[in-house]
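> For reference, the structure I am asking about is given below.
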Amino acid sequence: MLLGGGALVVWRRRRPLEIFGFLIICVGVLSFGISWLAENRAMAGPPPEGFEGFIPIALIDFQRQIIWSFVFDKVFEAPWLGHGINTINFIAGAHVPVPGAGITFIPGHPHDWPLEVLAETGIPGFAALLLALIFFFRGITRAYMANGGAAPLTVILVGLAYWSSGLFNYSFWSAWWQVAYLLVTAMAFCLSEKPNTVAVEP
């Protein structure tokens, strides 16, 4: 959220020194994050025998990679209509324990909203959601770049936090997260003195 929002701010200002300084900050934050993840993942123990991950476990723990791989395979069992909204943890094999991993193949939810939406609503459902997000953030970003203001920037920051966190953590259908996101987004829109531009006059 901070890196994405910071990138928008410095890009709108277009000051070379600020852009350079921001890039240095990004490198430092990412380096620290990767080193912290490497140490944190090592504490989780070694992956089960036969595990073949597609991302280094220093970045993404093997438990999530096992869950994601299982859900990804399920996408192709029902690619057009999906398995049904909020049903992925009830499909065949979801509650089967993973040998040596200490989890089931889906312990509640997939911990990734694109995979969850893909598996449950199929390719058309996922495409519709993705297009809606693209047009939404495109409009808000254009409003901020054109007019500045706290309202569009806050909407973007909240959106970055919600949608990026959902790539690794909660279920897409968790009502408390959806309500919190929508309420804070609505509060941010209320900052606007010009609803058509979603911007606040300086």
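> If we keep just the residues of the stretch 141-157 that are of a type outside the set (Val, Ile, Thr) and closer than 12 Å to Gly5 by Cβ, which is surrounded by the fewest Cβ atoms within 10 Å (Cβ to Cβ)?
The qualifying residue surrounded by the fewest Cβ atoms within 10 Å (Cβ to Cβ) is Ala150.
> Here is a further query. Restricting to the stretch 104-125, give me the number of residues that are among the β-branched types (Val, Ile, Thr) and closer than 17 Å to Asp61 by Cα.
Qualifying residue count, the stretch 104-125: 2.
> Return the only residue of Ala151, Ala132, Ala146 being over 19 Å from Ala186 (Cβ atoms) and either outside any helix (DSSP H, G or I) or of a type outside the set (Lys, Arg) (or both).
Of Ala151, Ala132, Ala146, the one residue that is over 19 Å from Ala186 (Cβ atoms) and either outside any helix (DSSP H, G or I) or of a type outside the set (Lys, Arg) (or both) is Ala146.
> I've got another one for you. With outside the structural domain of Phe168 (by TED's automatic domain parsing), more than 19 Å from Glu120 (Cβ to Cβ), not in a helix (DSSP H, G or I) and not charged (D, E, K, R) as the only criterion, which of Gly33, Gly50, Gly21 stands out?
None of the others qualify; the one that does is Gly50.
> Then there's this: Return yes or no: is Leu183 within 27 Å of Trp80 (Cβ to Cβ) and surrounded by fewer than 16 Cβ atoms within 10 Å (Cβ to Cβ)?
Numbers: within 27 Å of Trp80 (Cβ to Cβ): no; surrounded by fewer than 16 Cβ atoms within 10 Å (Cβ to Cβ): yes.
Taking the combined requirement at face value, the residue does not satisfy it.
> Same structure again: Asn89 is checked against (1) without any contact (Cβ under 8 Å) to a residue 24 or more places away in the chain; (2) exposed (fewer than 13 other Cβ atoms within 10 Å of the Cβ) and fails just one. What number does that condition carry?
Only one criterion is unmet by Asn89, namely (2).
The values are calculated or read from the model by the stated rules, or taken from the named source; none is laboratory data. Remember, predicted model here, so these are calculated numbers, not experimental data. When we count neighbours, we look across all protein chains shown, and the Cβ atoms used for this are built from the backbone with ideal geometry, even at glycine.
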